[in-house]
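Since the structure comes first, as C-alpha coordinates, the remarks are kept for the end.
The values are calculated or read from the model by the stated rules, or taken from the named source; none is laboratory data. Just so we're clear, the structure is a prediction, and the values are computed from it rather than from any experiment. Cβ placement follows ideal geometry from the backbone for every residue including glycine, while neighbour counts extend to all protein chains displayed. Please note that ligands, DNA and RNA were not included when accessible areas were found on the heavy atoms of the full protein model with its side chains. Shrake-Rupley method; radii C 1.70, N 1.55, O 1.52, S 1.80 Å.
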Amino acid sequence: MTHSQHIPVMIEELLSIVKPEQCQAVVDATYGRGGHATAIHGRLPSDARMVLIDRDPEAISHARSVWQAMQKVDIVHAAFSRLGEELQALGLFGKIDAIIFDFGVSSPQLDNHDRGFSFSHDGPLDMRMDNSSGPTALEWMTDVSEKKLAQVLWEYGEERFSRAIAASIKQAASNGSVQTTRDLEQLVIAAQPFRDKHKHPATRTFQAIRIAVNNEVSEIEQGLEQALESLAPEGRLVAISFHSIEDRIVKRFIRNQSRGDYYPPEVPVSSEMIHPRLRQIGKPLKPGAKEVHRNPRSRSAVFRAAQKIA
(Lines give C-alpha, C1' and ligand atoms only; values in the text may rest on other atoms or scores of the structure.)
Protein backbone atom coordinates (compact mmCIF):
# COMPACT_ATOMS: atom_id res chain seq x y z
CA MET A 1 0.00 0.00 0.00
CA THR A 2 1.20 3.51 -0.84
CA HIS A 3 0.77 6.26 1.73
CA SER A 4 0.52 9.78 0.36
CA GLN A 5 0.06 13.24 1.70
CA HIS A 6 -3.22 14.88 0.81
CA ILE A 7 -2.66 18.56 0.08
CA PRO A 8 -5.84 20.53 0.82
CA VAL A 9 -6.83 22.96 -1.91
CA MET A 10 -7.68 26.67 -1.74
CA ILE A 11 -7.02 27.08 1.99
CA GLU A 12 -6.78 30.89 1.92
CA GLU A 13 -10.02 31.23 -0.05
CA LEU A 14 -11.72 28.87 2.42
CA LEU A 15 -10.56 30.78 5.49
CA SER A 16 -11.64 34.12 4.03
CA ILE A 17 -15.19 32.82 3.49
CA VAL A 18 -15.61 30.70 6.64
CA LYS A 19 -14.13 33.32 8.99
CA PRO A 20 -13.41 30.74 11.74
CA GLU A 21 -12.73 33.42 14.36
CA GLN A 22 -16.45 34.29 14.24
CA CYS A 23 -17.78 30.70 14.35
CA GLN A 24 -19.22 28.66 17.20
CA ALA A 25 -19.84 25.46 15.21
CA VAL A 26 -18.21 24.27 11.99
CA VAL A 27 -18.68 21.04 10.00
CA ASP A 28 -16.03 19.56 7.71
CA ALA A 29 -18.26 17.12 5.81
CA THR A 30 -15.33 15.62 3.86
CA TYR A 31 -12.55 15.20 6.43
CA GLY A 32 -10.15 13.28 4.15
CA ARG A 33 -6.88 13.73 6.02
CA GLY A 34 -7.84 16.87 7.86
CA GLY A 35 -6.10 19.60 5.88
CA HIS A 36 -9.07 21.96 5.81
CA ALA A 37 -10.13 20.98 9.33
CA THR A 38 -6.68 21.76 10.75
CA ALA A 39 -6.54 25.17 9.10
CA ILE A 40 -10.00 26.09 10.40
CA HIS A 41 -9.63 24.61 13.89
CA GLY A 42 -6.49 26.62 14.56
CA ARG A 43 -8.52 29.83 14.23
CA LEU A 44 -11.71 28.87 16.05
CA PRO A 45 -12.61 30.40 19.43
CA SER A 46 -11.67 28.10 22.31
CA ASP A 47 -15.30 27.28 23.10
CA ALA A 48 -16.33 26.49 19.47
CA ARG A 49 -17.32 23.00 18.33
CA MET A 50 -16.10 21.23 15.23
CA VAL A 51 -17.67 18.18 13.56
CA LEU A 52 -15.50 16.00 11.30
CA ILE A 53 -17.43 13.73 8.92
CA ASP A 54 -16.33 11.23 6.29
CA ARG A 55 -17.79 8.07 4.77
CA ASP A 56 -14.35 6.48 4.35
CA PRO A 57 -13.38 4.30 7.35
CA GLU A 58 -9.68 5.04 6.73
CA ALA A 59 -10.34 8.78 6.94
CA ILE A 60 -12.28 8.27 10.17
CA SER A 61 -9.45 6.17 11.58
CA HIS A 62 -7.05 9.00 10.76
CA ALA A 63 -9.37 11.56 12.37
CA ARG A 64 -9.59 9.50 15.56
CA SER A 65 -5.81 9.11 15.76
CA VAL A 66 -5.34 12.88 15.52
CA TRP A 67 -8.44 14.45 17.09
CA GLN A 68 -9.96 11.91 19.50
CA ALA A 69 -8.54 13.53 22.64
CA MET A 70 -9.48 17.09 21.65
CA GLN A 71 -12.30 18.84 23.44
CA LYS A 72 -15.34 19.95 21.44
CA VAL A 73 -14.43 17.89 18.35
CA ASP A 74 -16.94 15.26 17.18
CA ILE A 75 -15.91 12.55 14.68
CA VAL A 76 -18.69 10.97 12.62
CA HIS A 77 -18.55 8.11 10.11
CA ALA A 78 -21.39 8.93 7.71
CA ALA A 79 -22.34 9.69 4.12
CA PHE A 80 -23.73 13.07 3.06
CA SER A 81 -27.27 11.66 3.05
CA ARG A 82 -27.07 11.27 6.85
CA LEU A 83 -25.67 14.75 7.54
CA GLY A 84 -28.91 16.13 8.99
CA GLU A 85 -29.65 13.23 11.33
CA GLU A 86 -26.06 13.13 12.61
CA LEU A 87 -26.17 16.84 13.44
CA GLN A 88 -29.57 16.36 15.07
CA ALA A 89 -28.04 13.67 17.28
CA LEU A 90 -25.27 16.08 18.31
CA GLY A 91 -27.79 18.83 19.10
CA LEU A 92 -26.30 21.08 16.42
CA PHE A 93 -28.97 21.00 13.70
CA GLY A 94 -29.78 24.58 12.63
CA LYS A 95 -26.83 25.93 14.64
CA ILE A 96 -23.90 25.46 12.26
CA ASP A 97 -21.95 28.56 11.19
CA ALA A 98 -20.11 26.91 8.27
CA ILE A 99 -20.22 23.61 6.40
CA ILE A 100 -17.43 22.60 4.02
CA PHE A 101 -17.60 20.03 1.22
CA ASP A 102 -14.48 18.99 -0.72
CA PHE A 103 -15.93 16.57 -3.26
CA GLY A 104 -14.21 13.83 -5.23
CA VAL A 105 -11.48 11.31 -4.44
CA SER A 106 -8.66 12.22 -2.06
CA SER A 107 -4.99 11.60 -2.80
CA PRO A 108 -4.73 8.79 -0.21
CA GLN A 109 -7.69 7.06 -1.85
CA LEU A 110 -6.18 7.42 -5.32
CA ASP A 111 -2.73 6.32 -4.25
CA ASN A 112 -3.81 3.29 -2.22
CA HIS A 113 -3.81 0.52 -4.84
CA ASP A 114 -6.11 -1.65 -2.71
CA ARG A 115 -8.94 0.86 -3.10
CA GLY A 116 -9.16 0.47 -6.88
CA PHE A 117 -9.86 4.12 -7.72
CA SER A 118 -6.93 4.47 -10.12
CA PHE A 119 -5.52 2.50 -13.05
CA SER A 120 -1.99 3.83 -12.45
CA HIS A 121 -1.28 0.61 -10.51
CA ASP A 122 -2.98 -2.76 -10.53
CA GLY A 123 -5.42 -3.48 -7.73
CA PRO A 124 -8.86 -4.92 -6.93
CA LEU A 125 -11.90 -3.34 -8.58
CA ASP A 126 -13.35 -1.86 -5.41
CA MET A 127 -13.88 1.94 -5.82
CA ARG A 128 -16.12 2.25 -2.73
CA MET A 129 -15.74 5.45 -0.71
CA ASP A 130 -16.93 3.38 2.26
CA ASN A 131 -15.16 0.09 1.71
CA SER A 132 -16.90 -1.45 4.72
CA SER A 133 -20.28 -1.74 3.01
CA GLY A 134 -22.08 -2.02 -0.33
CA PRO A 135 -21.12 -3.68 -3.63
CA THR A 136 -17.63 -3.28 -5.07
CA ALA A 137 -17.13 -1.91 -8.58
CA LEU A 138 -16.62 -5.47 -9.84
CA GLU A 139 -19.84 -6.66 -8.20
CA TRP A 140 -21.72 -3.64 -9.54
CA MET A 141 -20.41 -4.18 -13.10
CA THR A 142 -21.32 -7.86 -12.93
CA ASP A 143 -24.90 -7.20 -11.79
CA VAL A 144 -25.81 -4.07 -13.81
CA SER A 145 -27.42 -4.44 -17.24
CA GLU A 146 -25.41 -3.57 -20.34
CA LYS A 147 -27.90 -0.82 -21.19
CA LYS A 148 -27.64 0.76 -17.73
CA LEU A 149 -23.84 0.48 -17.79
CA ALA A 150 -23.67 2.27 -21.15
CA GLN A 151 -25.97 4.98 -19.77
CA VAL A 152 -23.74 5.45 -16.71
CA LEU A 153 -20.61 5.74 -18.89
CA TRP A 154 -22.34 8.33 -21.06
CA GLU A 155 -23.93 10.41 -18.28
CA TYR A 156 -21.21 10.30 -15.63
CA GLY A 157 -18.14 9.92 -17.82
CA GLU A 158 -19.26 11.68 -21.01
CA GLU A 159 -17.75 8.65 -22.74
CA ARG A 160 -18.55 8.70 -26.46
CA PHE A 161 -17.73 4.99 -26.86
CA SER A 162 -20.00 4.07 -23.95
CA ARG A 163 -21.93 1.32 -25.76
CA ALA A 164 -18.83 -0.47 -27.06
CA ILE A 165 -17.12 -0.26 -23.68
CA ALA A 166 -20.25 -1.46 -21.85
CA ALA A 167 -20.54 -4.46 -24.18
CA SER A 168 -16.87 -5.37 -23.61
CA ILE A 169 -17.19 -5.02 -19.83
CA LYS A 170 -20.30 -7.20 -19.65
CA GLN A 171 -18.72 -9.89 -21.81
CA ALA A 172 -15.55 -9.87 -19.70
CA ALA A 173 -17.54 -9.89 -16.44
CA SER A 174 -19.57 -12.88 -17.61
CA ASN A 175 -16.49 -15.01 -18.26
CA GLY A 176 -14.43 -13.73 -15.33
CA SER A 177 -11.71 -12.06 -17.41
CA VAL A 178 -11.99 -8.67 -15.67
CA GLN A 179 -10.87 -8.82 -12.04
CA THR A 180 -8.49 -5.89 -11.48
CA THR A 181 -8.03 -2.24 -12.36
CA ARG A 182 -5.42 -3.19 -14.96
CA ASP A 183 -7.87 -5.65 -16.57
CA LEU A 184 -10.50 -2.91 -16.83
CA GLU A 185 -8.01 -0.38 -18.16
CA GLN A 186 -6.83 -2.71 -20.94
CA LEU A 187 -10.39 -3.70 -21.80
CA VAL A 188 -11.45 -0.06 -22.17
CA ILE A 189 -8.43 0.77 -24.34
CA ALA A 190 -9.19 -2.16 -26.64
CA ALA A 191 -12.85 -1.12 -26.99
CA GLN A 192 -12.02 2.39 -28.28
CA PRO A 193 -11.36 2.86 -32.00
CA PHE A 194 -9.10 5.85 -31.36
CA ARG A 195 -7.66 7.74 -28.39
CA ASP A 196 -8.05 11.24 -27.00
CA LYS A 197 -4.66 12.98 -27.12
CA HIS A 198 -5.26 14.84 -23.85
CA LYS A 199 -6.79 12.17 -21.61
CA HIS A 200 -6.04 8.55 -20.78
CA PRO A 201 -8.68 6.39 -22.50
CA ALA A 202 -9.80 4.77 -19.22
CA THR A 203 -10.25 8.00 -17.24
CA ARG A 204 -13.91 8.57 -18.13
CA THR A 205 -14.91 4.95 -17.52
CA PHE A 206 -13.25 4.80 -14.09
CA GLN A 207 -14.85 8.11 -13.11
CA ALA A 208 -18.31 7.04 -14.24
CA ILE A 209 -18.22 3.66 -12.48
CA ARG A 210 -16.92 5.27 -9.28
CA ILE A 211 -19.76 7.81 -9.30
CA ALA A 212 -22.34 5.06 -9.83
CA VAL A 213 -20.90 2.67 -7.24
CA ASN A 214 -20.93 5.41 -4.58
CA ASN A 215 -24.26 6.94 -5.64
CA GLU A 216 -22.37 10.24 -5.66
CA VAL A 217 -24.89 12.40 -7.51
CA SER A 218 -27.70 11.63 -5.09
CA GLU A 219 -25.37 11.88 -2.09
CA ILE A 220 -24.17 15.35 -3.12
CA GLU A 221 -27.73 16.55 -3.78
CA GLN A 222 -28.92 15.27 -0.40
CA GLY A 223 -25.84 16.59 1.37
CA LEU A 224 -26.30 20.12 0.03
CA GLU A 225 -29.99 20.17 0.95
CA GLN A 226 -29.29 18.92 4.47
CA ALA A 227 -26.39 21.32 4.86
CA LEU A 228 -28.70 24.24 4.10
CA GLU A 229 -31.22 22.99 6.67
CA SER A 230 -28.44 22.50 9.23
CA LEU A 231 -26.94 25.97 8.90
CA ALA A 232 -27.73 28.75 11.35
CA PRO A 233 -29.11 31.98 9.86
CA GLU A 234 -26.25 33.66 7.95
CA GLY A 235 -24.27 30.41 8.09
CA ARG A 236 -21.91 29.77 5.18
CA LEU A 237 -21.77 26.87 2.75
CA VAL A 238 -18.55 26.10 0.86
CA ALA A 239 -18.28 23.48 -1.89
CA ILE A 240 -15.08 22.56 -3.75
CA SER A 241 -15.67 20.42 -6.85
CA PHE A 242 -13.19 18.67 -9.11
CA HIS A 243 -15.21 17.79 -12.18
CA SER A 244 -18.13 19.23 -14.09
CA ILE A 245 -20.77 16.82 -12.74
CA GLU A 246 -20.12 17.82 -9.12
CA ASP A 247 -19.82 21.50 -9.97
CA ARG A 248 -23.05 21.46 -11.98
CA ILE A 249 -24.96 20.08 -8.99
CA VAL A 250 -23.52 22.76 -6.69
CA LYS A 251 -24.09 25.57 -9.19
CA ARG A 252 -27.71 24.51 -9.77
CA PHE A 253 -28.38 24.14 -6.06
CA ILE A 254 -27.06 27.60 -5.15
CA ARG A 255 -28.87 29.17 -8.12
CA ASN A 256 -32.21 27.55 -7.28
CA GLN A 257 -31.99 28.33 -3.56
CA SER A 258 -31.02 31.93 -4.38
CA ARG A 259 -34.08 32.33 -6.60
CA GLY A 260 -36.48 31.18 -3.92
CA ASP A 261 -40.01 29.86 -4.40
CA TYR A 262 -41.36 29.37 -7.90
CA TYR A 263 -44.38 31.35 -9.10
CA PRO A 264 -45.88 31.31 -12.62
CA PRO A 265 -44.60 34.28 -14.66
CA GLU A 266 -48.07 35.88 -14.80
CA VAL A 267 -48.48 35.99 -11.00
CA PRO A 268 -47.40 39.30 -9.44
CA VAL A 269 -45.21 38.64 -6.40
CA SER A 270 -43.21 40.78 -4.01
CA SER A 271 -39.65 39.95 -2.94
CA GLU A 272 -40.96 38.97 0.52
CA MET A 273 -43.11 36.23 -1.05
CA ILE A 274 -40.25 34.53 -2.91
CA HIS A 275 -38.33 33.37 0.19
CA PRO A 276 -34.84 32.86 -1.22
CA ARG A 277 -32.81 30.70 1.18
CA LEU A 278 -29.26 31.36 -0.03
CA ARG A 279 -27.18 34.27 -1.24
CA GLN A 280 -24.20 33.46 -3.44
CA ILE A 281 -20.91 34.84 -2.10
CA GLY A 282 -18.78 36.24 -4.89
CA LYS A 283 -17.99 34.43 -8.11
CA PRO A 284 -16.75 30.84 -8.52
CA LEU A 285 -13.01 30.69 -7.85
CA LYS A 286 -10.19 28.62 -9.34
CA PRO A 287 -6.81 27.93 -7.72
CA GLY A 288 -4.03 30.32 -8.61
CA ALA A 289 -1.01 29.45 -10.75
CA LYS A 290 1.25 29.04 -7.68
CA GLU A 291 -1.11 26.54 -6.08
CA VAL A 292 -1.50 24.53 -9.28
CA HIS A 293 2.31 24.43 -9.66
CA ARG A 294 2.67 23.25 -6.04
CA ASN A 295 -0.23 20.80 -6.25
CA PRO A 296 -1.12 19.75 -9.83
CA ARG A 297 -4.20 17.86 -8.60
CA SER A 298 -5.76 21.19 -7.64
CA ARG A 299 -5.92 22.42 -11.26
CA SER A 300 -9.53 21.33 -11.87
CA ALA A 301 -10.92 22.63 -8.56
CA VAL A 302 -13.88 25.02 -8.57
CA PHE A 303 -14.72 26.84 -5.33
CA ARG A 304 -18.28 28.06 -4.71
CA ALA A 305 -19.72 29.64 -1.58
CA ALA A 306 -23.10 30.86 -0.38
CA GLN A 307 -24.67 32.25 2.79
CA LYS A 308 -27.96 31.24 4.35
CA ILE A 309 -30.40 34.12 4.37
CA ALA A 310 -31.62 34.98 7.87
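Dipole size of the chain about its Cα centre, with +1 on Lys/Arg Cβ and -1 on Asp/Glu Cβ: approximately 900 debye, rounded to the nearest 20. Rounded to 0.05, the FRET efficiency of the GLN186 and SER218 pair, given R0 = 30 Å and the Cβ-Cβ distance, is 0.45. log₁₀ I(q)/I(0) of the stretch 171-310 at q = 0.12, 0.16, 0.17 Å⁻¹, via Debye over equal Cα point scatterers, no solvent, to two decimals? The Debye formula, applied to the Cα set alone, gives -0.70, -0.97, -1.03. Among the listed values [x] 59, 58, 40; [y] 68, 41, 31; [z] 51, 45, 44, the one matching Cα extents along the principal axes in Å as calculated from this structure is [x]. Please check which bits of the stretch 216-239 a label hung off LYS19 would reach, taking the label as a point 7 Å along Cα-to-C-beta and the cut-off as backbone N under 18 Å. So the set is 231-239. Simple rule: put +1 on each Lys or Arg Cβ and -1 on each Asp or Glu Cβ in the chain, find the dipole, and look at GLY134, GLY235, SER174; the Cα lying farthest toward the positive end is GLY235. With each label modelled as a point 7 angstrom along the Cα→C-beta vector, the GLU225-SER300 pair spans 2.7 nm.
Measuring nothing but how far apart in sequence close Cα pairs (under 8 Å, 6+ apart) lie, relative to its length, the chain scores a relative contact order of 18 percent.
Placing a label point 7 Å from the Cα of ARG252 along the Cα-to-Cβ direction, the residues of the stretch 121-161 whose backbone N falls under 20 Å of that point are 148-160.
Computed from the Cβ-Cβ distance with R0 of 30 Å, the FRET efficiency linking ALA78 to ASP122 stands at 0.45. Our coupling estimate for the stretch 32-46, obtained by passing each phi through the Karplus curve with A = 6.51, B = -1.76, C = 1.60 and θ = phi - 60°, is x, 10, x, x, 5, 4, 5, 5, 6, 4, x, 10, 6, x, 5 Hz, Gly and Pro reported as x.
Multiplying the residue separation of GLN88 and SER65 by 0.36 nm and subtracting their alpha-carbon distance yields 5.8 nm.
With all protein chains in place and a 1.4 Å probe, the accessible surface of the stretch 174-310 carries 53 percent carbon and sulfur. In the chain the longest region clear of chymotrypsin sites (Phe, Trp or Tyr not before Pro) that are loop-assigned by DSSP and have at most 14 other C-beta atoms within 10 Å covers 1-193.
Taking amide H positions as modeled 1.01 Å from N, with prolines and chain starts lacking one, the residues under 5 Å from VAL51 and 5 or more places away or on another chain are VAL26, VAL27, ASP28, ASP74. Determine which residues of the stretch 187-223 fall in the zone a paramagnetic label at SER177 would reach in this model, i.e. backbone nitrogen under 11 Å from the point 7 Å along Cα→Cβ. The answer is 187.
Solvent exposure of the stretch 151-215, expressed per residue, is 51 Å² of accessible area, with all protein chains present and a 1.4 angstrom probe. Inter-label distance, ARG160 to LYS147: 2.6 nm, where each label sits 7 Å from its Cα along the C-beta direction.
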